[in-house]
């Protein structure tokens, strides 16, 4: 009898292990043993798995967490964030393994948050209160049902980073305020860009790639890309398309493809002055790809023409298959809401999305990097960009729309004869194919 | 015999020490031999085990590479992908980009089926390049990447199956896509870029409890290294040829195992110290079993010997007690061991019984002797007797019978001299002296009891110098006077006759008094003390004389007492015929 009971128990265990679904009773017991609103014991043991694309962030934040909880280990799988939605989708469809802590990048977040794989963090036992983070982030943390599916790893305010030496050489000044005054809108920026290109004999561009600019322009629109089952291509993407074509045609921007090694390499060269720069890009792009910049300190940060935006951003949430949700929540709280987490972020030049750490330690707003000389870029982001930041509502269709825009952009990049209007038509065609039951105008 | 004062070792301890020593030496030797043999065996087994584990880890990697190979082939034969590859001419850049995008999506689709795949690149012989990362497709970067030496070497080197072309934690596996319409013509190469960690997780798992582990990629590139002090790298370099198997190197063993499918080598170094540590349980086992066996055997032997030796120890203690003369405290109980010890006990018991009886005999004798001497002394110096004698002396002196006084005092003096001279050396006297004493006594009694009795003393010639126990005749005469004649209240006669019957001296004391009562005669015959009718004073009784004769000469000699024919009592003493030493000297 006992043997049968044992066998049944084992069979039950193996099934749960296979599905990776902890039962409700176990979770209740865990919650009772380790209340979610109190810290875990320091000798707590556990392992968390993650799929990610930012090893600097992962290493820094997990090492800080392990200082507090030395018996916790992490398993990290590096993936391409562009394939995130497919990877999660495949795992869900095929009963594959999901990470314990799921990352979600802004490009595909709208779609990923609709997948039934997230613990609702606003509910018990997590009871996360959105007011703990900056207001402008709120719409970006919830799905269409209103469930909080993740919390931002860091704030992603974006302005324009620029090469001080090149700005001074080609624009006459390296002072951010003077540059902002010189180029209050994209028209004046294009104008100056044409001059720089000509002045440099076709060697120096204002920008690196049309890809980053397209995304920046698009975020400046502050309009959701899709409303219900309707997409107004002209209204939503017309200005962006127009600006992209002008930047291309006027030689204001190079045609490097964003995120390719070539594009990365260009940051260490002297052929481009401006780049869109979110807070995370300081470490991820500039510091990583411009090794000489450390001693030269030749970068500066300024507000973009026509306003700054939130660019990119990654949330961390708890998947439903997480084997230790209590630990996962402790880690996410530590990484996104705690003062210790904020300190670890600050060492990377990142800014915590939570309000409280700034109240406790106002110095977390400050961040100086040798690449930016004496400029306090932390304060610049927090005081000049965040208060007036432009955001748009995300939608589940964002990823496909984003991919379609990328495709058209590649066409624009490779065929300079393609006009903005043609581009809009291509985009419309792509979207109609991607969303056959949508009204695409 | 007096015991020496030195402290003696206990028999059990001595035996135990000797056994322990012999055991320790023999077991140490056998343990050492056993350890050397088993350690060698275990060392061999451990090395084989290590080789097996390494082979298992390599086999796991091999299985993974085979899985990837099969997966890569399934990508190549994908119908949709093949159809897309058929599209070579495009009306516009937009169409070409769409084509690239669809190719990328198809490659991504396959990539998502294997979480360890970072990206896939398809390099066509006609110059087209596709990547699962759509943005990378058709870029100069991709072209440059595919021209890289490591990647390019895939095409030429069969051994370069899996390699680490960028040194960035990504490895690459190429699979050729052949033209089905032209046999042997390569149409393209599919490169699958994978996270090295996918393989290294297996190696790490294997390396968890190892000191030195190394995964060597193509061309000797180190893909994983757990080599704290660089010993493994040095040994590999020294070894030169990467031949699989176990190789003896300085300070340990180098084990190599190929990962066949990948063209890699998995290596581990098992140091001699680690090997010893792995086999240290053998030492611990032998040490523990040695100690445990020793302890167990000693305890067992100790208990066994305790049971065996306890009777000897107890016997020894009892003997010691006996030697200290404490026989009375001895409780002799035979411990039934059924062997020589039991015999020892029985013999000792017998001996002890004899000793105890002898001791009791001696004590009784001593006591009797003391009592008799005391009785003799007390009888002779009885104050009342002296008082009466002295009153008689006073009476005679007052009557002016000086000669009688002199005679009486001389008799008293003679009596005292003979009776007070007692002790170990003076238990016997001559018949002459004994008769003189009797005569002196009778002289004194004649003054006390005039006309009451007459006495005759006769001695056969030649017997006057014979030895007799002291004070044996006088008490009998006294007894005849006081308990035979005086109670008759008429004049009586006492006859003392010393004669010889063969080798015996026979002394007869007769009186014609009231005779002996049947009760006293019965008591005498049963060896008990006789009762006097009037115990006016203690006297040396008949029983005393009898006992002394028995004591001095044994049961063969003694006293007879019977009714005398014609009334009165006849006492007959039978003694050995012994002459005084002076007489013997003279005879010689």
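Shielding of A:83-90 by partners, i.e. mean partner chain Cβ atoms within 10 Å per residue?
Partner-chain Cβ atoms within 10 Å, mean over residues of A:83-90: 4.
Apply the Kirkwood formula to the range B:1-132: the hydrodynamic radius equals the inverse of the mean of 1/r over all pairs of different alpha-carbon atoms; give it in Å with one decimal.
Taking the inverse mean of 1/r over all distinct Cα pairs, the range B:1-132 comes out at 22.5 Å.
Calculate the spin-label point distance for residue A:37 paired with residue B:272, positioning each point 7 Å from the Cα along the beta-carbon direction, and give it in nanometres.
6.6
Using the alpha-carbon atoms, what tilt in degrees (0 to 90, nearest 10) does helix B:11-76 show relative to the longest principal axis of chain B?
Result, in degrees: 10.
What is the average number of partner chain Cβ atoms found within 10 Å of a Cβ in A:411-419?
So the per-residue partner count for this stretch is 3.
Give the distance, in whole Å, between the Cα centre of the range A:42-102 and the Cα centre of the range A:276-355.
Taking the Cα centre of the range A:276-355 as reference, the centre of the range A:42-102 is 16 Å away.
Expressed as a whole percent, how much of the Cα-Cα distance distribution for the range A:385-441 exceeds 14 Å? The partial results should precede the final answer.
Details: 976 of 1596 pairs.
Here the long-distance tail beyond 14 Å is 61 percent of all Cα pairs in the range A:385-441.
Using a 10 angstrom cutoff on alpha carbons, build the Gaussian network for chain A and name the most mobile of A:148, A:408, A:418.
A:418
Cα-Cα pairs above 35 Å in chain B: how many percent?
69
Tell me the Kirkwood radius of the protein assembly as shown: reciprocal of the mean inverse pair distance over distinct alpha-carbon atoms, in Å. Intermediate values should be presented prior to the final figure.
On the way: mean 1/r = 0.0243 Å⁻¹.
Every distinct Cα pair counted, the radius reaches 41.2 Å.
May I have the extent of the alpha carbons of chain A along their three principal axes, as whole Å values ordered from largest to smallest?
Projected onto its principal axes, the Cα set of chain A covers 88, 51, 34 Å.
How far apart, in nanometres, would the label points at residue B:395 and residue B:497 be if each is projected 7 angstrom from Cα along the Cα-to-Cβ direction?
With each label placed 7 Å out from Cα toward Cβ, I get 3.3 nm.
Counting only DSSP beta bridges with both residues in chain A, what percent are antiparallel, rounded to the nearest 5?
Antiparallel bridges make up about 60 percent of those DSSP assigns within chain A.
What is the mean number of Cβ atoms from other protein chains located within 10 Å of the Cβ atom of each residue in peptide B:92-103, rounded to a whole number? Walk me through the numbers before you get to the answer.
Working: counts 6, 10, 14, 1, 4, 12, 8, 0, 2, 6, 0, 0.
For this peptide, the per-residue mean of nearby foreign Cβ atoms is 5.
With everything on Cα atoms, drop me the angle between helix A:398-414 and the longest principal axis of chain A, reported from 0 to 90° to the nearest 10.
30
Which shape class, rounded, prolate or oblate, goes with the range A:198-288 when its Cα gyration tensor gives a ≥ b ≥ c as root eigenvalues, a/c under 1.5 marks rounded, and past that a/b bigger than b/c marks prolate?
oblate
Report the calculated FRET efficiency for residue B:176 and residue B:221 (r = Cβ-Cβ distance, R0 = 25 Å), to the nearest 0.05.
0.65
To test your reading of the geometry: what angle, between 0 and 90 degrees and rounded to tens, separates the Cα axis of helix B:280-323 from the longest principal axis of chain B?
Around 0 degrees separate the two axes.
Let me have the 222 nm mean residue ellipticity of chain A computed from DSSP H runs of 4+ only, each contributing -39500 (n - 2.57), with the sum over all residues rounded to the nearest 500. Mind dumping the intermediate values first?
Working: 17 runs with 184 residues, N = 441.
Helices in chain A give a 222 nm mean residue ellipticity of -12500 deg cm²/dmol.
Say R0 is 30 Å: what FRET efficiency, to the nearest 0.05, do residue B:335 and residue B:29 get from their beta-carbon distance? Please report the intermediate quantities before stating the final value.
Numbers: r = 38 Å, r/R0 = 1.27.
Efficiency at R0 = 30 Å is approximately 0.20.
When ranked by the protection proxy of mean other Cβ atoms within 10 Å per residue, highest first, what sequence do the peptides A:303-314, B:567-578 form?
Packing order, densest peptide first, comes out as A:303-314, B:567-578.
For the range A:298-338, taking Cα atoms only, what is the radius of gyration to one decimal and the Dmax to the nearest whole Å?
Using the Cα atoms of the range A:298-338, the pair Rg, Dmax is 17.1, 47 Å.
Running a GNM on chain A with Cα contacts under 10 Å, which residue among A:208, A:331, A:74 ends up with the highest mean-square fluctuation?
A:74
How many nm is it between the label spots at residue B:565 and residue B:186, if each spot is 7 Å from the Cα in line with the beta carbon?
Here the answer is 16.5 nm between the modelled labels.
All of the numbers you see were taken from the coordinates with simple rules; none came from a lab. In this text, all values refer to a predicted model and were calculated from it rather than measured experimentally. Cβ: placed from backbone, ideal geometry, glycine included. Neighbour counts: every protein chain shown.
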